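All remarks here apply to the structure that follows.
All of the numbers you see were taken from the coordinates with simple rules; none came from a lab. Bear in mind that the values here come from a model prediction, so they are computed numbers and not experimental data. Every residue, glycine among them, receives a Cβ derived from its backbone with ideal geometry; neighbour counts consider all protein chains shown.
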Amino acid sequence: MEETENQNIKDSANSTDNEYGTHSFKDFQFKNDDEEIDENNKGTTFDLISLKKKFRLSEFLAEKIITSVAFLSIAIIILIFIFVFRETMPIFFNKADKKSNVENVNKPEEIKQERYVLEDTEKSEEVKPERYGETTDNYSFLEKGRETSLKSETAGHEGTISISNLLGMEWQPVSNNPRYGLLPLFLGTLKLTIIAILFAAPIAILAALFTSSFAPNWLREIIKPSIELLAGFPSVVIGFFALMVMASFFQDLFGYSTRLNAFVGGVAMSLAAIPIIYTVTEDALTAVPNTYKEASLALGASRWQTAFFVTLPAATPGVFAAILLGIGRVFGETMIALMATGNAAIVSANPFDSVRALSATIGAEMAEVVFGDTHYSVLFLIGSLLFLFTFLLNIIAEFYVRGKLVKRFQGAES
Amino acid sequence: MDKRKLIDTTVISITGLMALSIIVIILIIMIVIIIGGKNYLTWEFLTSSPQEGMTKGGIFPALYGTVLLVIIMSIAAVPFGTITAIYLSEYANPKSRIAKTIRFAVRTLSGVPAIIFGLFGLGFFIKFIGAGLDNSLYSGELKWGQPNILWASLTMSLLTLPVVIVSVEEAIRTVPIDMREASLALGATKWQTIRKVVIPGSLTGIMTGTILAVSRGAGEIAPILFTGAAYYLAHLPTSLSDQFMNLGYHIYIMSTQSANVDETLPIQFATTLILLVLTFSLNLLAILLRSRIRNKSVK
């Protein structure tokens, strides 16, 4: 029996394995040599083998390689953190070595000035807009670089930019007096997200309730794959559809003036959010133990009462997670935002005004920006904020919600 | 009693209507795009280059670039994704902290917005690795430190990695534990069992994962916006350091940035139709394969 066992291994292992196998044999396991020769001693050697785990190089290597590859996902997350943040660093710290020649010409005072500005940002910020808004209106593109560097000596635009500039209400990165107010972009994204979730959440949650509680099997077999197919629609296709068809349709319907606006963008984004909200909600609903429903029905509740007052409340953490993930999806959605929202950074409460989303700003402006300058760093800062935000949403959805759901059902299942 | 039943039916129909509305939306999108694009769709459209400032001609370079991107991406993403899935299901103790962290990382990775991958590709692949290669191998000459198809594909492979991991792991779990135990009982080692029993048993799952990844990679634009996609190229990419055209990027540029949007409208619809048909059929295939795997595991 032991002989066949060895034979088996040799047959099944390919040549490289065999090499490694015999190699390890000789080097590490002298006892095994005896085994192969002394066929009479079957009983005792068998015991030895079963008690001691053989060392095999191929096994060892396979396990180590597979384990290290598995760490890749963690490594990627960490690398994303490092490299997206690395490019935003120039905003917060002066990088003297990265400055271009123009700035290096007039070093001494500049450094002094910048330090002054860093210490006293708000003061310079108050003065700045009026002073430069009127004087530096029509410089050619080539002169701009020189101009900004001149300005930076007094206004502190070089390398670092002040916090109050970032918190401003204007996003005008390409001008003689660049303003990097992130607030309108943030509010724009928020507006889009609210509109999208207001559409997506009720549709997706009710549809999930339908498939998990009411739908006959054959209908479920149609609805679930269809929603998977919707998830597979490229966002550029949804964006194109919104841009060409939905925008005109809604304009005719509501009669507003700007064709591309937050409403169109939000509705288009809800198409991207529906599949994820649906899937996670559906999972949570099917995880609710049947005993809950049976108890409710036995007490005389009707089917809809059971679904709405027993199943849905029991799955609340899951539904909450679904909405969070949907928000994350909409928040980071780029192509639809680029194509269907109009991309004008207007701050207003009107859903029919154009908006400019954070993600769309990166997508639209990164291609035209000079590597390493302030605008570039600010775009990376937006990226870091987006990444942090979605990361936090994921953490909340993961630990808080999942933990709660598991705890809630533990009693029922056992 | 009748009133009660009426309310019950009404509420159930409302939820059913919501589910139905999703299907209707999908159908509307597809029908509108098919109607808009079908007249322009010819064999020539697929095999010729854009002409006269994109107002005439076909989309062959964009199609070619997309296929190339997807192939390089799969070469990078599928092996790594499969190995991670094997680790998670075969080696890792599901309750260990490491396995939990990896799972969390995979889920996080699938939730990271696509545009962030684009930024990462720019910061890491192009400006760190690419520029580093240029400095050390080409003495500062610009070759790898700029957007190209290799960096775009690798960026895309990061995005599709979780897709592969999730579907391969699901498939591996459907390989019955008895088969593994039988193999181990016959004296095969763990790695031999994985190679000869687990992987062959989950080949369909690996294929499903690849198909899903390909469909995702063909449709996403945000990661390649500034890592390699080009608006128009006179030549097809011949080396890994070339830029490339891409179907989705083509649609985006034509519909938002081109000077004569109306004139190119049929081309836009036709291109969108091609992209939609491509991703739709791939997804359909993946869904069918997956339902086959699930049915097998039920038996």
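A few remarks follow.
- Under the Karplus curve 6.51 cos²θ - 1.76 cosθ + 1.60, θ = phi - 60°, whole-Hz ³J(HN,Hα) for the stretch A:168-176, x wherever Gly or Pro sits: x, 9, 10, 10, 9, x, 9, 7, 6
- Residues whose amide H falls under 5 Å from that of residue B:58, counting only those 5 or more places apart or on a different chain, are B:48, B:49, B:51, with hydrogens built in the peptide plane.
- Phi to ³J(HN,Hα) by Karplus 6.51 cos²θ - 1.76 cosθ + 1.60 over the stretch B:279-286, Hz, x for Gly, Pro: 5, 5, 5, 4, 5, 4, 4, 4
- Of the chymotrypsin sites (Phe, Trp or Tyr not before Pro) found in the stretch B:108-201, those in coil by DSSP whose Cβ has at most 14 other Cβ atoms within 10 Å are B:138.
- Amide proton proximity set for residue A:172, modelled H, under 5 Å, gap of 5+: A:179, A:180, A:181
- Per residue, chain B reaches -22000 deg cm²/dmol at 222 nm when only DSSP H runs of four or more residues are counted, each adding -39500 (n - 2.57).
- Selection of trypsin sites (Lys or Arg not before Pro), the stretch B:83-113, meeting DSSP coil and at most 16 other Cβ within 10 Å: B:95
- Förster radius 25 Å - calculated FRET efficiency between residue B:284 and residue A:283, Cβ distance, rounded to 0.05: 0.70
- Per-residue 3J(HN,Hα) values for the stretch A:201-210, derived from phi via the Karplus relation 6.51 cos²θ - 1.76 cosθ + 1.60 with θ = phi - 60°, read 4, x, 4, 5, 5, 5, 5, 5, 4, 4 Hz in sequence order (x marks Gly and Pro).
- Mean-position separation - Cα centroids, the stretch A:303-342 and the stretch A:56-96, in angstrom: 31 Å
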